[in-house]
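These notes are about the structure you will find just below.
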Amino acid sequence: MEAKTLLTRKDIAEKAKWNLDGLYLKESLWQEDIKQLKKDLAGYESFRGTLANSAGNIKSCLDFDNNISRTIEKLYTYAHLRNDEDKTHSKNQSNFEKIVHLHTLVAQANSFIPSELMAINEDQMDQFLEDTELSFYKLHLERILRYRKHTLSEKEEKLLASSAEIARTARDAFEMLDNADLKLGTVADENGTEIVITQGNFQSIMQSQDCRVRKESFEAFYTAYSDHQYTYASLLASNIKKDIFYAREKNYSSVREKSMFSENIPVEVYDNLITAVHDNMAPLHKYFVLRKNILKLDQLHIYDMSVPLVKDIQWHVGYEDSVIKIIDSLVRLGPEYTEVLRKGLIEDRWVDRYESNGKRSGAYSSGCYDSNPFILMNYREDNINSMYTLAHEAGHSMHSFLSRKAQPYLYADYTIFVAEVASTFNEVLLTKHLLLQDISKSMKIYLICREIDNLRGTLFRQTMFAEFEHLIYAAAENDQPMTLDEFKEIYRKLLEQYFGEDVFLDNCLTLECFRIPHFYFSFYVYKYATGISAAYALADMVSEGGTTELNNYLNFLKGGGSKYPIDLLKGAGVEMTSPEPILIALKKFSVLVDQLEALTN
């Protein structure tokens, strides 16, 4: 039978597409702003060499830089959203490259600012910081001055800034290969209908009750990666070399130190996470044995990990029905929160809902200070994960909405370390809500298993990714060549440790390390695991607490970047420098596994 093909963007209804009119009504207006910003960049020269003269000069320079930054964020948001609508659209690609190039020009033009600030005598700078003219910028300047030993000369900083476009090469090539060029094959579904395997529907296929469908899809999927494995290995190795170059040139002892320094996260947070997970793998391995027995399998493969443990539940929920369920689950957060979210997800068209040909895979929340917090989805009505993904991204978007409403532009952006808290918090409340409904035993098993798998995928799996990332960077920083075989060997050992003896590891699974886009954003993935841990702690506090706990959480969301992330979470009631939040989430996982065992006896 002929394989079903993806819809084109023209086939998608307007109400199902995000509405970018609030950014630019038409592309020509975007082009005009590009031209104007290029002209405005010349204004930086009037500040060069003057910052040491007075607090007023510093303020004027930062005001100018702030306005440029705000403008280019708006330009970038429009270009990258349009580009992600269809990665094969040449005009969108061209516009995106324009804005990436303009980012480089801006970085070159303002590269003197940190160097000049660092060059100011510390006593003189202390006096400037106490000047009322700089009261608004005091925190911003203190954050810049933290980088004294990592800031080079003006000429060197400009040279590094000029290399930004080149530095994106490996990541850009990976995204084009993974989203546009890679053909994942086809598979005959349970009814014999040939379907095209895509990044968007692969997880849905992995939920098929037909083992043949899962196995053939899994093999086809990884055959595509095997066909390009040397290219993927080369791209990942190149990205690592790039990161090491910048870390060393900026006087950091490692890429990990550089990545964590920017958010002021102690390295112990990373190490505590890995240690805590290593010490609590027994419930994970117990779950694998349970899954194997319930499914009555002789061997448990990775492609058996997503199939529901109950066969009589068919999930089919449309996008707008999912929105209703999500809003109902979040009533504890108050009517202001839920009404803004409902309106954004439906009427204001924050969301680009469905998969189409050339569209970027996965999901994300994105926007700028002057736009709605847009959400890219590849929503599927037959997959409960789509509803959870929407709840997740809605958490991001409401975090952005509230922080932008409460904070000025300079302090509105929150860091990645806290970004995953609000999103996972929403998922936790969604599960709590669904389990409180009048549901069958089978549905309860389904939802408990779904939460187990969410914790497994976010806490255990992302920690494994984080450990892999730490190991490959440490090896490369010790001048060990990172080849295809080296990547696969390191990943294989981690697979064996995390999955234990009761899971059969197909050889092709070592290629999984090449399909993780977050590895091109160094030392990002651990934040998913710390984020879910903080989210579980906060969800319990808010659900079981009173007005104080709720207000603490909402104030955390409104805090944006007004404090360092560790301090923001501490204000909400969670101490992330301690392993305690990680242990709470691991204990929750163990309890859920015990509940699943009791329900399936």
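Among the trypsin sites (Lys or Arg not before Pro) within region 1-63, which fall in a DSSP loop and have no more than 13 other Cβ atoms within 10 Å of their own Cβ?
Working: sites: Lys4, Arg9, Lys10, Lys15, Lys17, Lys26, Lys35, Lys38, Lys39, Arg48, Lys59; in loops: Lys17, Lys26, Arg48.
Loop-located and lightly packed - Lys26.
Within the shell defined by Cβ-Cβ distances under 14 Å, the residues around Phe136 carry a net charge of -3, with Lys and Arg each +1 and Asp and Glu each -1. Once you reduce region 346-379 and region 292-334 to the center of their Cα atoms, the two points are 22 Å from each other. By definition, a body whose alpha carbon gyration tensor gives a ≥ b ≥ c is oblate when a/c is 1.5 or more and a/b is not larger than b/c, and region 401-485 fits this oblate description.
Restricting the trypsin sites (Lys or Arg not before Pro) of region 255-351 to loop positions (DSSP other than H, G, I, E, B) with no more than 13 neighbouring Cβ atoms within 10 Å leaves Lys296, Lys311.
Give me the percent of DSSP beta bridges within the chain that run antiparallel, rounded to the nearest 5. Walk me through the numbers before you get to the answer.
On the way: 6 of 10 bridges.
Roughly 60 percent of the DSSP beta bridges within the chain come out antiparallel.
Please give the net charge around Ser28, taking every other residue with its beta carbon less than 15 angstrom from that of Ser28, where Lys and Arg add +1 and Asp and Glu add -1.
Details: positive: Lys26, Lys35, Arg82, Lys91, Lys98; negative: Asp21, Glu27, Glu32, Asp33.
Residues close to Ser28 contribute a combined charge of +1.
Can you list which of the GluC sites (Glu not before Pro) found in region 1-70 are DSSP loop residues with at most 15 other C-beta atoms within 10 Å? When the GluC sites (Glu not before Pro) of region 1-70 are filtered for loop state and at most 15 Cβ neighbours within 10 Å, Glu2 remain. Taken along the Cα-to-beta-carbon direction at a fixed 7 Å, the label points for Glu575 and Ala42 span 5.7 nm. Inter-part distance, region 258-281 to region 71-102, computed on C-alpha centroids, equals 34 Å.
To the nearest ten degrees, helix 580-600 and the longest principal axis of the Cα atoms of the chain are 20 degrees apart. Each residue of region 426-438 was assigned a 3J(HN,Hα) from its phi angle through the Karplus expression (A = 6.51, B = -1.76, C = 1.60, θ = phi - 60°), giving 4, 5, 4, 5, 4, 5, 4, 5, 5, 6, 7, 6, 6 Hz with x at Gly and Pro.
For the chain, the longest principal axis of the Cα atoms and the long axis of helix 55-85 meet at an angle of about 30 degrees. The length gained by stretching the chain between Ser162 and Ile144 to full extension, at 0.36 nm per residue less their Cα-Cα distance, is 4.5 nm. Pairs spanning more than 19 Å between alpha-carbon atoms, out of Lys215/Lys292; Lys91/Lys359; Lys87/Lys242; Lys432/Lys588: Lys87/Lys242. Per-residue 3J(HN,Hα) values for region 469-481, derived from phi via the Karplus relation 6.51 cos²θ - 1.76 cosθ + 1.60 with θ = phi - 60°, read 4, 4, 5, 6, 5, 4, 5, 5, 5, 9, 6, 8, x Hz in sequence order (x marks Gly and Pro).
Here's the list of lysines a cross-link from Lys563 could span, going by alpha-carbon distance under 28 Å and ignoring same-chain residues fewer than 8 apart: Lys59, Lys74, Lys138, Lys149, Lys250, Lys258, Lys405, Lys527. Return the whole-Å distance between the Cα centroid of region 163-194 and the Cα centroid of region 437-503. Cα centroid to Cα centroid, the span is 21 Å.
Rounded to the nearest 20, the size of the Cβ-charge dipole of region 522-601 about its Cα centre is 340 debye, with Lys and Arg at +1 and Asp and Glu at -1. Dipole magnitude for the chain: computed about the Cα centre from +1 point charges on Lys and Arg Cβ and -1 point charges on Asp and Glu Cβ, it is near 560 debye. Evaluating 6.51 cos²θ - 1.76 cosθ + 1.60 at θ = phi - 60° for every residue in region 505-516, the Karplus couplings come out as 9, 4, 4, 5, 5, 5, 7, 4, 4, 8, 10, 9 Hz, glycine and proline recorded as x. Positive-end ranking of Thr193, Ala161, Leu583 along the dipole of the chain, with charges on Cβ about the Cα centre, is headed by Thr193.
Distances between placed amide hydrogens fall under 5 Å for Asn357 paired with Leu7, Thr8, Arg9, all partners being 5 or more residues away or on another chain.
Counting only alpha carbon atoms, the long axis of helix 267-278 and the longest principal axis of the chain meet at about 10°.
Full extension of the chain between Glu339 and Phe521 gives 62.1 nm of extra length, using 0.36 nm per residue less the Cα-Cα distance. Where does the chain land at 222 nm, in deg cm²/dmol rounded to the nearest 500, when only DSSP H runs of n ≥ 4 count, each adding -39500 (n - 2.57), divided by all residues? Dividing the helical sum by the residues of the chain leaves -19000 deg cm²/dmol.
Quick one: grab the alpha carbon gyration tensor of region 29-179, order the square roots of its eigenvalues as a ≥ b ≥ c, and give me rounded if a/c is under 1.5, else prolate or oblate depending on whether a/b is larger than b/c. Could the numbers behind the result be given before it?
Details: a/c = 2.56, a/b = 1.96, b/c = 1.31.
Taking the square roots of the gyration eigenvalues as a ≥ b ≥ c, region 29-179 is prolate.
Only one of [x] 76, 53, 52; [y] 82, 53, 51; [z] 92, 58, 48 was calculated from the structure for Cα extents along the principal axes in Å, and its label is [x].
Once you list every other residue whose beta carbon is under 10 Å from the beta carbon of Lys527, what net charge do they have if Lys and Arg are +1 and Asp and Glu are -1?
Net charge in that neighbourhood comes out at -2.
Since every read-out is calculated from the coordinates, none of them should be taken as a lab result. These figures come from a predicted structure and were not determined experimentally. Ideal geometry is used to build each Cβ from the backbone, glycine not excepted, and the neighbour counts take in all protein chains shown.
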